[in-house]
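Taking it in order: structure first as C-alpha cells, then the write-up.
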Amino acid sequence: MFVCICNALRDRDLAEAAAQPGVKSAACVFKRCETKPKCGNCVPDIDEMVARHRTANTLVPAE
Ligand code: FES
C-alpha cells in the first residue's frame with residue numbers, strides 16, 4: 001500500500017526506513033529513502049510509524 005503518493009513510497013519501504021537506528025522523525029525516513037516530502041499529507045502517518053518503532057525498540061523484554 002502506498003503511504004506517500006507523491007514519492008511512490010510503500011508502507012513496507014517506509015517501515016524499513018523507520019526501523020533503522022537513529023531514525024527519529026519523518027524527515028529522517030525521507031532522508032533514508034533519498035527523497036523529500038512534497039505535499040506533506042503523509043508526514044503524520046510516517047511520524048506515527050517512527051514513534052511505533054521507537055517504542056517497540058525501547059521496550060525491555062521481561063525476564
Ligand atoms: S503524500 Fe507524501 S509528500 Fe505527498
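Bear in mind these aren't lab numbers, they're just calculated from the coordinates by the rules spelled out. None of these values were measured; they are calculated from a predicted model. We place every Cβ from the backbone using ideal geometry, glycine too, and count neighbours over all the protein chains shown.
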Charge dipole of the stretch 2-57 built from unit charges on the beta carbon (Lys, Arg +1; Asp, Glu -1), centred at mean Cα; most positive-end Cα among Gly22, Thr55, Pro37 is Gly22
Computed, not fitted: 222 nm per-residue ellipticity of the chain from DSSP H runs ≥ 4 (each -39500 (n - 2.57)), nearest 500, equal to -14500 deg cm²/dmol
Computed over the stretch 2-57, the relative contact order (Cα-Cα under 8 Å, seq sep at least six) in percent reads 37
To the nearest 20 debye, the stretch 2-57 has a Cα-centred charge dipole, built from +1 on Lys and Arg Cβ and -1 on Asp and Glu Cβ, of 140
Net charge near Met1 (other residues with Cβ under 10 Å of its Cβ; Lys, Arg +1; Asp, Glu -1) is +1
Counting sequence-distant residues (5 or more places) and residues on other chains, those with an amide H built under 5 Å from that of Cys4 are Leu9
Rounded to the nearest 10, the angle in degrees between the Cα long axis of helix 43-58 and the longest principal axis of the Cα atoms of the chain comes to 20
For Ala8 and Glu48, extending 7 Å from Cα along the Cα-Cβ vector and measuring point to point gives, in nm, a value of 2.6
